[in-house]
Amino acid sequence: MLGLQLATDRRWAELVRADLPALLTDHAWCEQKAASNAISMIVRYPENSELVKELIRIAQEELDHFGQVVERIHARGWTLGPERKDDYVNELARFMQKDGSREERLVDRLLFSAMIEARSCERFKLLTEECADPELRTFYRDLMISEAGHYSTFIGYARRYGGRVDVDARWAAYLAYETEVITRYGNAPTMHG
């Protein structure tokens, strides 16, 4: 799905079923971080007006998703737990080019974002199949569709603003790197854990 080279082991869903409050808390914070990431790109690349407009829409949608997840936490009588570090995302961030041209850095930031959306979409799909809560299965189906759209948007803008960057080659490198990274995860009831 979405080019990912390694699917999530279905045993991850068993961990989620055993600790749904942990998943929902982690998921809520992932949505907040996705909104922050979109805003951060606006700050770094304000000259790309069309991209800015799309990133505003994505930031608003991600913040809305944050609220929706928190509502589901509260509806079940739970409380939103503290934010935690996302080691998977941090490992992906290490792959981003820190030097190079502004164009190369923008492409990398967009591909980094696309990769997170792709993996989240894949995990949401698994939750639509494995989650015991029917309301959450429907919720995750809707989010899966949204994440797939974000993935496509980020890939599309990477190609649009890529200029001299071989975006397809760089995406292939991201996919290979993510395959190595994801082998260390799937052992915690968190979105990327």
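Before we move on, is Pro21 of a type outside the set (Gly, Ala, Ser), over 14 Å from the mean Cα position of the chain (by Cα) and in a helix (DSSP H, G or I)?
Criteria met by Pro21.
What's the number of the condition Arg105 fails, among (1) in a helix (DSSP H, G or I); (2) within 18 Å of the chain's Cα centre (by Cα)?
(2)
Considering only region 83-97, state which residues are closer than 15 Å to Pro189 by Cα and not acidic (Asp, Glu).
Arg84, Lys85, Tyr88
Could you look through region 28-37, keep only residues that are without any contact (Cβ under 8 Å) to a residue 60 or more places away in the chain and not aromatic (Phe, Trp, Tyr), and pick out the one that is surrounded by the fewest Cβ atoms within 10 Å (Cβ to Cβ)?
Ser36
Considering only region 93-102, I want to know if a residue exists there that is hydrophobic (A, V, I, L, M, F, W, C), closer than 14 Å to Arg170 by Cα and in a loop (DSSP other than H, G, I, E, B).
yes
If only one of Gly186, Gly149 is without any contact (Cβ under 8 Å) to a residue 12 or more places away in the chain and within 16 Å of the chain's Cα centre (by Cα), which one is it?
Unique residue meeting the criteria: Gly149.
Name every residue in region 161-183 that is surrounded by 14 or more Cβ atoms within 10 Å (Cβ to Cβ), of a type outside the set (A, V, I, L, M, F, W, C) and farther than 22 Å from Gln5 by Cα, in order of residue number.
Residues satisfying the conditions are Tyr161, Gly162.
I'm trying to understand the selection: among the residues of region 69-102, which are surrounded by 13 or more Cβ atoms within 10 Å (Cβ to Cβ), over 16 Å from the mean Cα position of the chain (by Cα) and within 23 Å of Gly149 (Cβ to Cβ)?
Within region 69-102, Val70, Arg72 qualify.
Kindly indicate the residue of region 24-47 that is part of a helix (DSSP H, G or I) and among the hydroxyl-bearing types (Ser, Thr, Tyr) and also nearest to the chain's Cα centre (by Cα) among those meeting that condition.
Ser36
Among the candidates Glu71, Glu122, which residue alone is at pLDDT 95 or above, within 18 Å of Thr8 (Cα to Cα), of a type outside the set (Val, Ile, Thr) and out of contact with any helix residue (DSSP H, G or I) (no Cβ under 8 Å at 6 or more places or on another chain)?
Selected residue: Glu122, the only one of Glu71, Glu122 that is at pLDDT 95 or above, within 18 Å of Thr8 (Cα to Cα), of a type outside the set (Val, Ile, Thr) and out of contact with any helix residue (DSSP H, G or I) (no Cβ under 8 Å at 6 or more places or on another chain).
Kindly provide the set of residues from region 63-91 that are in a helix (DSSP H, G or I) and touching a residue at least 40 places away in the same chain (Cβ under 8 Å), ordered by number.
His65, Gln68, Val69, Val70, Arg72, Ile73, Asp87, Tyr88, Val89, Glu91
Check whether at least one residue in region 88-111 is under 24 Å from Thr153 (Cβ atoms), touching a His at 6+ places or on another chain (Cβ under 8 Å) and not small (Gly, Ala, Ser), and report yes or no.
Within region 88-111 (the criterion being under 24 Å from Thr153 (Cβ atoms), touching a His at 6+ places or on another chain (Cβ under 8 Å) and not small (Gly, Ala, Ser)), the answer is yes, since at least one residue qualifies.
Checking Cys131 against (1) touching a Phe, Trp or Tyr at 6+ places or on another chain (Cβ under 9 Å); (2) modelled with pLDDT of 95 or more, which test does it fail?
Here Cys131 meets the rest and fails (2).
The values are calculated or read from the model by the stated rules, or taken from the named source; none is laboratory data. Quantities reported herein were computed from a predicted structural model and do not represent experimental measurements. So basically every Cβ, Gly included, is an ideal-geometry build from the backbone, and we count neighbours across all protein chains shown.
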